[in-house]
Amino acid sequence: MRTQVAIIGAGPAGLLLGQLLHKAGIDNIILERHTGEYVLGRIRAGILEQVTVDLLHEAGVGHRVEREGIVHHAIELVFAGSRHPIDIDTLTGGKVVTAYGQTELTRDLMDARAAAGLATLYEALDVRPHGFDGDRPTLTFTHGGRTQELACDFIAGCDGFHGVSRQTVKDRITEFERIYPFGWLGVLADVPPVSPHAIVYGNSERGFSLCSMRSLARSRYYVQCPLEDKVEDWSDERFWEELKRRVDPELAERITTGPSIEKSIAPLRSFVAEPMRFGRLFLAGDAAHIVPPTGAKGLNLAATDVKYLASALTDYFVAKTSEGIDRYSQRCLKRVWKAERFSWWLTNLMHRFDDTQGFGQRVQEAELDYLVNSRAASTALAENYVGLPL
Ligand code: RFL
Ligand code: PHB
């Protein structure tokens, strides 16, 4: 088996890369460890920057997000019992974000890939990259009980935080990491979102909360919880009760509750691996970096890595220049660190830490007050939230 670009991982990064390369006439094969249903079953991101929506159009899969995505012109911050809008559209001169689930985006990309007849090998086990320091990289893997080899010109490691790509080069990377002492308990429910036109981020003495959505009939909510908590500790009743106590009374009154259709606890982490290129092996998306979800940046960063990588590989194959691949790591990391900084800052501002009582809490209160009353501070938040320029 041979292809130009072998992609490990059929998450959003791998699928989007495959589609952009296909559009540029570059053939690619994706090897995915799990089944397609499993990949689609992971409830994760919900907010897309304009850059990501534009990329979906470029990849030829923008029609559904255009139709079904919910455009947000503002976000809201709740603290000290009241709600404050941040009008991201006005503050950034017309930029917005779109609520559209990662599941839907993944489905659109999978459908387009199938329609184009591109190869994805699901349940490809024990994938291993070889020879990427030379000119003839290969991947070995087991599929359908047989050991196979895929020869290629380049390998794209789009295999997420727990993938094999970064592990393969772990002796050659510098890791930067921060682990937060709490998690997010997320609930998905088929009830109308309490705030259909703005995501609500809450800071309360009981901890962080977030009101988000997947559609006008499906809501996504989160509350900060101790890392030791188990999903079984949280009945639906306990969750709704806790959420209501963390927002202002008017919003709490309007929350429609209902049975959860998914409930999970995610740990929060900031992580960057440098560099992101090793000869003919590239890392992209969560394989190279993780942000805490507070700024909604993870999927968007994966999309911009892929944009840079697709353009670098197109330059290599079509324009016959390797300048793009030489600059790939540096270009990505510049943007990655800005998103890391923003997500870390917003996480620190909005969550309860063990030492938040006292000094830390007063500083949070002062900063939140400043944020909603200073146009300069609100603008800085808005600019980062909609996504910094490429
Ligand atoms: P993924 O989605 O993890 O996909 C990697 C794929 O690689 C496969 N794989 C392998 N395949 C073959 N061989 C191996 N050895 C393999 N190892 C792994 C995996 O099975 C998988 O299919 O990474 P990718 O593509 O880089 O995409 C990244 C995003 O999924 C992630 O950044 C976002 O979900 C983060 N995130 C959010 N991002 C946003 O931009 N906006 C948001 O609103 C947002 N909210 C969130 C989030 C993440 C969350 N959690 C649970 C981590 C909310 C949450 C709660
Ligand atoms: C979500 O809808 O899942 C979501 C929204 C905003 C975030 C994180 C997650 O910051």
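Where residues in the range 237-254 are surrounded by fewer than 19 Cβ atoms within 10 Å (Cβ to Cβ) and not charged (D, E, K, R), which of them is farthest from Asp326 (Cα to Cα)? Result: Pro249. Any residue that is away from ligand 1 (no atom under 14 Å from the Cβ), within 28 Å of Val65 (Cβ to Cβ), at pLDDT 95 or above and in contact with a Cys (Cβ under 9 Å, 6 or more places away or on another chain) - is there at least one of those in the range 199-209? Yes - at least one qualifying residue is present in the range 199-209. For the range 361-390, the candidate set comprises residues that are over 28 Å from the mean Cα position of the chain (by Cα) and surrounded by 14 or more Cβ atoms within 10 Å (Cβ to Cβ); within that set, the residue that is farthest from Asn203 (Cα to Cα) is Asp369. Here the strands (runs of 3 or more DSSP E) wholly within the range 127-231 that include at least 2 residues being in contact with a Gly (Cβ under 6 Å, 6 or more places away or on another chain) are 209-215, 218-225. Within the range 1-39, the set of residues being within 16 Å of ligand 2 (Cβ to nearest atom) and either in a loop (DSSP other than H, G, I, E, B) or surrounded by fewer than 16 Cβ atoms within 10 Å (Cβ to Cβ) (or both) comprises just one member, Gly11. Step by step: first the residues of the range 268-305, then only those that are among the basic types (Lys, Arg) and more than 10 Å from ligand 2 (Cβ to nearest atom), then the one that is surrounded by the most Cβ atoms within 10 Å (Cβ to Cβ). Which residue is that? The selected residue is Arg277.
If you go through the range 94-103 one residue at a time, do you hit one that is basic (Lys, Arg) and surrounded by fewer than 19 Cβ atoms within 10 Å (Cβ to Cβ)? Break it down into steps so the answer makes sense when it comes.
Of all residues in the range 94-103, those basic (Lys, Arg) come to 95.
Then keep just the ones that are surrounded by fewer than 19 Cβ atoms within 10 Å (Cβ to Cβ); that gives none.
Within the range 94-103, none of the residues are basic (Lys, Arg) and surrounded by fewer than 19 Cβ atoms within 10 Å (Cβ to Cβ).
Put simply, of Glu76, Glu68, Glu104, Glu49 the only residue that is closer than 19 Å to Leu388 by Cβ, within 15 Å of ligand 2 (Cβ to nearest atom) and among the charged types (D, E, K, R) is Glu49. Sub-7 Å Cβ pairs linking a first residue in the range 262-277 that is closer than 30 Å to Phe154 by Cα and modelled with pLDDT of 95 or more to a second residue that is within 16 Å of ligand 2 (Cβ to nearest atom) and among the aliphatic types (A, V, I, L, M), at least 6 apart or interchain, are Arg269/Ile290; Ser270/Ile290; Ser270/Val291; Phe271/Ile290, ordered by first then second residue.
Looking at the range 40-51, which of its residues are over 20 Å from Trp184 (Cα atoms) and either free of Cβ contacts under 8 Å to residues at least 60 places away in the same chain or not in a helix (DSSP H, G or I) (or both)?
The first filter runs over the range 40-51 and keeps only residues over 20 Å from Trp184 (Cα atoms), leaving 40, 49-51.
Result: Glu49, single match.
Does the range 50-62 contain at least one residue that is buried (at least 23 other Cβ atoms within 10 Å of the Cβ) and in contact with a Phe, Trp or Tyr (Cβ under 6 Å, 6 or more places away or on another chain)?
No, the range 50-62 contains no residue that is buried (at least 23 other Cβ atoms within 10 Å of the Cβ) and in contact with a Phe, Trp or Tyr (Cβ under 6 Å, 6 or more places away or on another chain).
Taking Gly117 as the residue in question, decide whether it is within 21 Å of Ala312 (Cβ to Cβ), more than 15 Å from ligand 1 (Cβ to nearest atom) and outside any strand (DSSP E or B). No: the conditions fail for Gly117.
Sub-6 Å Cβ pairs linking a first residue in the range 56-73 that is part of a helix (DSSP H, G or I) to a second residue that is among the charged types (D, E, K, R) and at pLDDT 95 or above, at least 6 apart or interchain, are Arg64/Asp108, ordered by first then second residue.
The values are calculated or read from the model by the stated rules, or taken from the named source; none is laboratory data. On a predicted model such as this, the values are computed, not experimentally measured, just so you know. All Cβ positions, even for glycine, are placed from backbone atoms using ideal geometry, and neighbour counts span all protein chains on display.
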